[in-house]
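Let me begin by presenting the structure, written as structure tokens, before commenting on it.
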Amino acid sequence: SSPCAMTQFLSILSSLYAVLLQVALCANQPHIVFVLTDDQDLTLGGLTPMPNAVELIQKKGATLDNFFVTTPVCCPSRATILTGLYPHNIHSTDGSGCMHMNVTNLQFQEEMLGSWLQKAGYVTGQFGKLLNPPGVKPYCKKGGQKLPGFDHYLTMCNDNRYFENSFVDQDGKVWTSGKQPEDYLTSIIGNTTINWMKEVCAGDTFTSRSFTSA
């Protein structure tokens, strides 16, 4: 069957670092949009530069006032979010991995959120920063592994910066953006995400955005 009509969430895409999308193929399955941003420290006013996110997401959603993170460090925290596993369950015993997280083994790949949702009949996509560079190294090279759990993706290969970022897509192509206004990181992630959502929900073939080839 053709994908369901999209719900109205396109306008919330602002200052994104990672977008994980699951598009339902059946009318009785909800669409899921998971937006993950970095450094949203409450004490330091991390949301102050993001008025659109506050107005369109925070004020219209729920705030968890009594929420605790087991390991509030970048890659371990992301690994837990992506799998639901405590860091000690995917800890690297030899000091390697992504901040001591073994995020390239079979257990991690099988427990990825996208993998579970694919089994439930979802079309999945991931755009932006998924893990720190050591965690995506196996995917960000010519002939590299395919990112598990996602049908379509534009995954960052480097630590995020405003311009000249490297990405890998679902075809295994590694791209590097330039220095033009349209190469601004937030624009790339947001535009690519919106374009894919529109196309996959219209039943069209996903078309990657053009970048300067690395």
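What follows is calculated from the coordinates using simple rules that are stated; it is not laboratory data. Keep in mind that what you see is a predicted model, and the values were worked out from it rather than measured. We place every Cβ from the backbone using ideal geometry, glycine too, and count neighbours over all the protein chains shown.
Listing for the model above:
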quantity	calculated
Qualifying GluC sites (Glu not before Pro) in the range 89-192, DSSP loop, other Cβ atoms within 10 Å at most 15	Glu164
Residue among Gly97, Gly144, Gln58 farthest towards the positive dipole end of the range 16-154, charges placed on Cβ	Gly144
At 0.692 mPa s and 37 °C, Stokes D of the range 106-190 from Kirkwood alpha-carbon radius, µm² per second	247
Segment Asn66-Ser166, length gained on full extension (0.36 nm per residue, minus Cα span)	32.3 nm
For Asn165, residues with placed amide H under 5 Å, excluding near neighbours	Ser177
Sequence-distant residues sharing a close amide H with Leu154 (under 5 Å, placed H)	Gln126, Phe127, Gly128
Ordering of 116-128, 45-57 by packing [mean C-beta count within 10 Å, highest first]	116-128, 45-57
Cα centroid separation, the range 108-171 to the range 72-91 (Å)	16
Table column - 3J(HN,Hα) (Hz), the range 143-149, Karplus curve with 6.51, -1.76, 1.60, x for Gly and Pro	x, x, 5, 7, 4, x, x
FRET efficiency, Gln40 to Ser92 (Cβ-Cβ, R0 45 Å, nearest 0.05)	0.95
